[in-house]
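Below is one structure, written out as structure tokens; comments come after it.
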Amino acid sequence: MYSGGASLSWAADGMLATNHYLAEYGSCIAVYPSEVKAALLVVTLAGGFIWKHVHNRQDAAAA
């Protein structure tokens, strides 16, 4: 599941990193597109990991 999410995130992050509209608001996006993609990938995977563990704890507490 994480590898599928990572590949989808990498594709979406590539679209965000090459978006000219967003580059007007964040100069680092145009200068460092690969680093921005990697940072967004880490954020996406960390968010999924945290989401999973929060819901597992809530399910365990409810049982």
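Taking segment 1-31, which residues are surrounded by 10 or more Cβ atoms within 10 Å (Cβ to Cβ) and among the aromatic types (Phe, Trp, Tyr)?
Tyr2, Trp10
So that you can scan it fast, the table gives a plain yes or no per residue for (1) in contact with a helix residue (DSSP H, G or I) (Cβ under 8 Å, 6 or more places away or on another chain); (2) at positive phi; (3) touching a residue at least 40 places away in the same chain (Cβ under 8 Å); (4) assigned to a helix (DSSP H, G or I):
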position: Gly4; (1), (2), (3), (4): no, no, no, yes
position: Ser7; (1), (2), (3), (4): no, no, no, yes
position: Ala11; (1), (2), (3), (4): no, no, no, yes
position: Ala23; (1), (2), (3), (4): yes, no, no, yes
position: Ile29; (1), (2), (3), (4): yes, no, no, yes
position: Val43; (1), (2), (3), (4): no, no, no, yes
position: Gly48; (1), (2), (3), (4): yes, no, yes, yes
position: Ala60; (1), (2), (3), (4): no, no, no, yes
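Computed from the coordinates by the stated procedures, all read-outs in this text should not be read as laboratory data. Just so it is clear, the structure is predicted and the values come from calculations on it, not from any experiment. In this analysis, Cβ positions are derived from the backbone assuming ideal geometry, glycine residues included, and neighbour counts consider all displayed protein chains.
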